[in-house]
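To start, the structure under review is shown below, and the notes come after it.
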Amino acid sequence: MRRVLAIHLRSLSIDLAQRRRRRAARRPGAPKTSCILLAQPSHGRALVAARCNEAARRGVRIGLSLAEAQALIDPRVRARHGDPWVEELSEERDLRALHALGQWLMARFSPLVALDPPDGLFVDVAGTERLFGDEEDLCRAVLRAMHRLEIGSRLAVADTVGAASAVARFGRTPRQIVPGGDEAVALGPLPVAALRLPEATCDALSELGVESIQELLRLDRDRVAARFGGDVAMRLDQALGRAFESVTPLAFESPPQAERVFEGPVRQAEAIAQVAEELVTELSGELERARQGVLEATLVLEPSDLPPRRLPLSLSRPSADPRHLWTMLRPAVESVHLGFGIERVRFVAVRTGRLPARQVGAWEQPEPASSPTSQPLDRHVGELVDILAARLGPENVLAARAEPSHLPERSYSWIRPQEHRSRGASKPRHMPRPSLLFSPPEPATLEGSGGPGSRPARLRWRGIAYRIRKARGPERLARPWWDDSPAWPDGSPHTVRDYYRLETSCGRSLWAFREPKHGRTFVQGEWT
Amino acid sequence: MRSPQGIEALLEQLRAGPLTGAPEHDPEVFGHPSRAVPSGWPSIDRVTGSASGAPGLVRGCVHEWFGVGGPGPTRRDRGVRGWSPPLLILAHLARRAACDAASRGAPASVIWIGRRVWPYPGAIARRTNTVESLATANAGASTGELEVHLEPGTDAPPEHSSGMTSEGPDAHDPANVGLIERSIFAAPRDASLRLWTIDTALRCPGITAVVADGSGLGMAATRRLQLAATSSGALALLARPPGEEREVSAATTRWRVGRRGGVGDGPAWSATLLRAKGAQLLHRSRIAATRSPHERRRGAG
């Protein structure tokens with residue numbers, strides 16, 4: 001039994017160009033660009049081979065000459081948003097990207113991935129959907145991942161390659177699951193072109209008035225074969241599961257690694273450490289020659305009598321510096337239990353990244369941070385983060401990221417420093433926030449407030465009574481109604497909180513709130 | 001064992017250069033041509049300027065800030081357990097340091113070590129300064145007491161809004177990045193790991209300011225941190241509990257922070273300069289004005 005997930009990348013070339021454009025725009029001083037045009041040379045002139053939606057809205061059609069397309073962009077638009085971003089369409093580059101995408105899908109979703117150039121992928125997901133929940137969840141995960149990569153895609157899951165591909169390309173929704181045996185129902189309303197037939201055959205069929213697969217199925221099979229060749233019948237059989245269609249799966253590219261096998265079990269810790277250091281040096285030299293750096297690596301020590309010991313290593317930015325890698329690995333290697341002796345040592349670069357092009361040298365003048373929106377980790381700071389994370393644990397070395405939420409506990413989240421810092425960078429609100437936030441809020445009693453509108457006079461908190469000299473507020477915060485979560489982060493079910501800035505007679509400044517529903521008071525922060 | 005040639009070479013080096021405790025930095029390499037970070041508070045800049053020659057807190061030195069004790073029945077409660085570090089003052093200084101470094105194109109990351117000194121990100125995200133509104137520098141009195149009035153949440157007045165503090169139109173200015181984007185937060189498990197973390201962070205050339213929980217550090221530890229800070233030129237800010245004011249330390253300046261309620265429209269603090277080490281050499285006469293009677297009695301270390 002086979003379940004095929006077909007991924008149709010609707011606008012792969014444009015999406016890839018868009019990514020390149022974004023990357024270029026991050027450089028300081030880069031000119032602004034308004035839209036994307038991909039050109040292809042044809043008989044001595046350049047024709048538009050693909051264009052983005054923005055250009056399509058301005059009337060740029062495929063097949064137009066580049067000069068005409070450029071002229072269609074309004075000079076006022078150019079003045080405001082810049083000239084169009086023009087590139088030559090390179091099928092080879094797109095194919096390379098498709099290949100990389102296939103490798104990445106293989107590592108994440110299913111071991112069987114096949115390419116369907118120029119703009120499709122097949123993934124055999126029989127059995128792997130259970131890792132994600134069901135097929136619906138798997139599709140959602142794939143779509144989410146593709147969305148993060150900024151590549152537009154449509155998916156379909158079916159029993160056969162033909163049906164999945166047809167539904168992915170021509171189905172009504174971007175995500176559709178065809179239950180086993182329902183291929184004919186799902187394919188019926190789709191146009192004949194969905195069967196991957198040559199264009200001439202499609203045209204001939206449409207001249208006969210056969211537009212949809214439903215109509216094709218009603219025709220006599222032998223006559224269709226006699227008139228249009230066996231191709232039509234074969235594609236139909238493949239799509240409906242009556243004939244098997246084989247695809248060539250992509251071969252998995254194993255990560256770069258270096259390995260040493262001992263003659264017998266070795267128990268000397270120094271020898272193991274020396275060999276491990278040699279492996280690290282060897283592999284990082286190899287990677288550096290390919291301008292690659294380690295992002296995640298594992299040192300595998302295989303004892304003779306125990307399961308292999310894996311010592312993971314993860315970095316905040318690609319590095320091929322053996323000294324830096326070894327600094328982080330050494331404490332782990334020196335404290336590993338050797339058992340009856342190690343027989344084999346492997347160092348595997350699980351994830352690699354491209355090394356930034358720069359001159360290699362120790363402590364050279366660091367470049368100024370290029371752009372404020374995507375703050376790249378400075379090289380030295382990246383190394384510091386790695387060293388601290390290796391010793392303190394990665395969960396103890398963090399950075400903060402602003403989140404689009406107005407709840408004080410949720411407006412910031414703790415992330416690993418190497419992750420992207422700014423996500424849509426919500427503008428900081430101009431209401432004062434304390435420097436310490438107590439989570440969960442601490443219960444307190446507010447006394448001396450006569451009516452609901454009067455100012456608080458006395459506060460009892462942590463067993464001590466404070467006289468309140470000044471109270472500013474209230475600032476009313478409400479739990480968002482569009483949020484599914486039932487309560488505040490601390491579990492309170494009430495919707496509204498009135499926050500006050502209180503100043504006690506001894507000079508403390510506290511941030512307290514009252515829940516108007518029942519009048520209870522909590523202290524949530526302090527300015528220190 | 002060092003070879004005789006090696007020893008000869010070492011001796012040559014020693015003869016050639018003066019024996020300084022720490023190597024002087026090449027500003028070309030490290031990008032710290034001005035060695036002090038102006039605090040932005042005129043009276044503090046005035047006092048430190050008269051002490052060390054450069055207004056503000058000197059880079060490559062350890063500065064200790066004694067926090068405010070908590071309320072409690074016992075002295076221990078007040079001094080060591082329930083204390084709170086002066087986070088807004090430290091955040092202000094770290095912001096000034098990052099701003100100062102970024103305006104010169106130097107790396108400008110700030111690291112906060114110890115969960116106690118992790119501020120709520122919302123408080124340091126807004127591009128505001130703490131403003132000195134009321135300053136009384138009693139130069140004639142025995143203590144040089146400065147009152148710094150803080151107004152959290154309001155935007156900085158234009159004269160303070162240089163680089164990072166202004167939301168100017170030039171988004172590509174490297175100095176115009178909030179402190180929160182440049183901050184890393186580390187939480188060591190125990191005191192010895194904390195010392196190691198501060199030391200490692202201080203030696204990293206990409207770090208411009210280290211804000212750390214400095215409770216329980218002795219003379220040897222602060223000396224080690226002082227040496228680490230000198231090696232990279234980072235600004236080291238230690239928050240210490242008020243009960244440790246009597247501990248000896250190698251810090252260059254020590255400040256006591258107290259609450260001052262009811263001064264203006266927000267929380268307010270006073271900062272008292274307890275010790276300024278460099279002042280001894282440059283302005284011996286001023287030292288009396290910048291030291292508390294308690295420190296004078298002990299003789300400065």
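Rule-based calculations on the coordinates, nothing more; no lab input. Everything numeric here is computed off the predicted structure, so don't read it as measured data. Cβ sites come from the backbone with ideal geometry, for glycine too, and all protein chains shown count toward neighbours.
In the distance distribution for region A:436-527, Cα-Cα pairs more than 16 Å apart total 52 percent. Each Lys and Arg adds +1 at its Cβ and each Asp and Glu adds -1 at its Cβ; summed about the Cα centre, chain A shows a dipole of about 3180 debye.
For region A:257-354, a crude dipole built from +1 on the beta carbon of Lys and Arg and -1 on the beta carbon of Asp and Glu, taken about the Cα centre, is about 440 debye to the nearest 20. For region A:433-447, 3J(HN,Hα) computed residue by residue from phi via the Karplus equation (6.51, -1.76, 1.60; θ = phi - 60°) reads 10, x, 8, 10, 10, 8, 10, x, x, 9, x, 8, 10, 10, 10 Hz, glycine and proline entered as x.
Positive-end ranking of A:Leu240, A:Ser284, A:Leu306 along the dipole of region A:216-342, with charges on Cβ about the Cα centre, is headed by A:Leu240.
Report the net charge of residues surrounding A:Thr173, where surrounding means a beta-carbon distance below 13 angstrom and charges are Lys +1, Arg +1, Asp -1, Glu -1. Around A:Thr173, the charge tally is +4.
Neighbours of A:Leu219, meaning other residues whose beta-carbon lies under 15 angstrom from its beta-carbon, give a summed charge of -2 when Lys and Arg score +1 and Asp and Glu score -1. Between helix A:269-289 and chain A, what is the angle of the helix's C-alpha long axis to the longest principal axis, kept within 0 to 90° and rounded to the nearest 10? For helix A:269-289, the angle is close to 60 degrees. Taking a ≥ b ≥ c as the square roots of the eigenvalues of the Cα gyration tensor of region A:94-240, is the shape rounded (a/c under 1.5), prolate (a/b larger than b/c) or oblate? Here region A:94-240 falls in the prolate category. Distant-in-sequence amide contacts of A:Ser153, defined by a placed amide H-H separation under 5 Å and a gap of 5 or more residues or a different chain, comprise A:Arg10.
Take each residue of peptide B:102-108, count the partner chain Cβ atoms within 10 Å of its Cβ, and average: the result is 4. About its Cα centre, region A:436-527 has a charge dipole of approximately 520 debye under the convention of +1 per Lys or Arg Cβ and -1 per Asp or Glu Cβ, with nothing else charged. Between the amide H of A:Gln292 and those of A:Leu355, distances stay under 5 Å, these residues lying 5 or more places away or on another chain, with hydrogens modeled in the peptide plane. Here the 3J(HN,Hα) profile of region B:100-110, calculated from phi with Karplus coefficients 6.51, -1.76 and 1.60 at θ = phi - 60°, is 4, 5, 5, 5, 9, x, 7, x, 9, 9, 10 Hz, Gly and Pro shown as x. Suppose we keep just the DSSP beta bridges with both residues in region A:12-92; what percent of those would be antiparallel, to 5? Percentage antiparallel, nearest 5: 60. At 0.692 mPa s and 37 °C, plugging the Kirkwood radius over alpha-carbon pairs of chain A into Stokes-Einstein gives what diffusion coefficient in µm²/s? The diffusion coefficient I find is 112 µm²/s. Note on region A:275-365: Kirkwood hydrodynamic radius from all Cα pairs is 13.8 Å, rounded to one decimal. The mean number of Cβ atoms from other chains found within 10 Å of a Cβ in peptide A:431-443 is 5, as a whole number.
The order of B:Tyr120, A:Tyr499, going from fewest to most other C-beta atoms within 10 Å of their C-beta, is A:Tyr499, B:Tyr120. For the peptide B:184-197, the mean number of other protein chain Cβ atoms found within 10 angstrom of a residue's Cβ is 4.
Taking other residues whose beta carbon is less than 13 angstrom from the beta carbon of A:Ala97, and scoring Lys, Arg as +1 and Asp, Glu as -1, yields -2.
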